[in-house]
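The values are calculated or read from the model by the stated rules, or taken from the named source; none is laboratory data. Given the structure is predicted, the values throughout are model-derived calculations rather than measurements. Neighbour counts are summed over all protein chains in view; Cβ atoms, including those assigned to glycine, are modelled from backbone coordinates with ideal geometry. Heavy atoms of the whole protein, side chains included, go into the accessibility calculation; ligands, DNA and RNA do not. Shrake-Rupley method; radii C 1.70, N 1.55, O 1.52, S 1.80 Å.
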Amino acid sequence: MLERPTTEEYAAYYEGYIKLVPEGNIIERLEQQSNIVQTLLSSLTEEQANYRYAEGKWSVKEVIGHLTDNERIMSSRLLRIARGDQANHPGYDQDVLMQSHPFDAYTVADLNEEYTVARRSTLLMLSHITPEAWLRKGIVSDNPASARSIAYVLVGHELHHLSILRDRYAVDVPL
């Protein structure tokens, strides 16, 4: 359905995320990831979700909170670029966002609901993007970015963090 973006469609910073994305339908992959995260969160106790694998590292709750924040930011960028907005969309500092919001105070159920609603909103938006809109380019942090590259970054970024949850937090994540 949607071909992998070319390197002219995104900043070199995102190359690692985009390379993680397997071939196939990007929207279906976003749906699969949503199911994985919902299943993961449904299986965790509050104690497990508060786990940090090392001092100063995010808790599982904070990782999911970060994924939700990123979902909102990236889908906003994608929407604006797909609709022809040529403004330079600024970057964001994940650490600032994490320091100023108490994700550890959320229940696992609250995190699951917030993540699910954010992802569902993204999926609804993507289902109505036209073929030509996927290829539109805008600017993110002074670098070119196409709408489709942002969808790939969303998937790759989440794959990156789900792998960390599996490998460093010993959370059962089927990737």
**Item:** Residue pairs meeting the criteria (Cβ under 7 Å; at least 6 apart or on separate chains; first within 23 Å of His128 (Cβ to Cβ), in region 18-40; second open to solvent by 40 Å² or more (accessible area, probe 1.4 Å) and of a type in the set (A, V, I, L, M, F, W, C))
**Value:** Asn25/Met1
**Inter-residue pairs, beta-carbon under 6 Å, first within 15 Å of Glu3 (Cα to Cα) and assigned to a helix (DSSP H, G or I) and in region 150-164, second among the charged types (D, E, K, R) and open to solvent by 20 Å² or more (accessible area, probe 1.4 Å), 6+ apart** = Val155/Arg29
**Request:** Just name the residue that is farthest from Met74 (Cα to Cα) out of those in region 1-21 that are loosely packed, with under 12 Cβ neighbours inside 10 Å and modelled with pLDDT under 95.
**Result:** Met1
**Request:** Look at Ser75 and say whether it is modelled with pLDDT under 95 and either open to solvent by 10 Å² or more (accessible area, probe 1.4 Å) or touching a helix residue (DSSP H, G or I) at 6+ places or on another chain (Cβ under 8 Å) (or both).
**Result:** no
**Item:** Matching residues, region 78-112, being open to solvent by less than 30 Å² (accessible area, probe 1.4 Å), under 30 Å from Lys137 (Cβ atoms) and of a type in the set (Val, Ile, Thr)
**Value:** Ile81
